[in-house]
Amino acid sequence: MNEVSQRQPWGIRLLHAVLREPDWSAMTADDLDGPALVVVPTLDPLADHGRRYAERLLESGTPARLTEHPGAPHAFLGMPGLAPQAKAARTEITEFLGAHLKTKSTKVGEK
């Protein structure tokens, strides 16, 4: 650890460590299987990470779509009453998942 990083608050050092872990950050994942939808709120301090992740996916040949939501803050998806962008983003995510996830429906009592 260098002198500058030692002076950073422990929370910042922890965040930097977490962002290098593939289990916690898609940015460093080895498995880039897709398709993927990357939703980026532009007022998020991690917005550039989302953009770089989308670039990485595309460079690897993984089908990916990047959607940016201008003026949306971090965690805006959980604030539909406060962040007007949340409704459109939630709809986009739901439609993306519906189009890309295959589910097996069964009748009650069937296995």
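Values in this text are rule-based calculations from the coordinates and carry no lab data. Treat the numbers as computed from the prediction; the structure is a model and nothing was measured. Reconstructed Cβ throughout: ideal geometry from the backbone, glycine too, with neighbour counts over all protein chains shown.
Only residues that are within 11 Å of the chain's Cα centre (by Cα) and farther than 22 Å from A26 by Cα were counted in the range 46-96, giving 0. Each residue in the range 85-97 was checked for being surrounded by fewer than 16 Cβ atoms within 10 Å (Cβ to Cβ) and in contact with a helix residue (DSSP H, G or I) (Cβ under 9 Å, 6 or more places away or on another chain), and 2 of them qualify.
When restricted to residues that are farther than 18 Å from I93 by Cα, in contact with a Pro (Cβ under 6 Å, 6 or more places away or on another chain) and either of a type in the set (V, I, T) or without any contact (Cβ under 8 Å) to a residue 12 or more places away in the chain (or both), the range 33-59 contains 0.
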